[in-house]
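S.K.: Pasting a structure here, questions to come.
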Amino acid sequence: MPSHFPNPFAWIIILLVRFYQLFISPILGPRCRFYPTCSSYTIEAIKTHGVLCGSWLAIKRIGRCHPGNPGGVDPVPSCGCKSHHKNSQTEDSDKKNDQ
């Protein structure tokens, strides 16, 4: 996950999803066929990939969440950008140095 905070549009979307998780989802009951749930996936995707790419990933995921799909474990794909890859390598080397 990026170390910076998402932009204001991301916070609006995340707040809407959290509202759904806290107030609407308990009324509807468990419906998601995947782990993590589609709403958790949406929040993680937006935090990891930003508003546009994260929203697109969430839309594709929600489109797959139907009775004809068996579901299963479907994590948010890792970011393929070079800066994120470089940060991951730095974090990995820091962890090795700490051990």
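Computed from the coordinates by the stated procedures, all read-outs in this text should not be read as laboratory data. Note that this is a predicted model, so its numbers are computed, not measured.
S.K.: Would you grab the residues whose amide H sits under 5 Å from the one on F34? Only those 5+ places off in sequence or on another chain, please, with H modelled 1.01 Å from N.
M.R.: Those qualifying (amide H under 5 Å, at least 5 residues apart or on another chain) are G72.
S.K.: Give a residue-ordered list of calculated ³J(HN,Hα) values for the stretch 43-51 (Karplus: 6.51 cos²θ - 1.76 cosθ + 1.60, θ = phi - 60°; whole Hz; x for Gly, Pro).
M.R.: 4, 5, 5, 5, 5, 7, 10, x, 5
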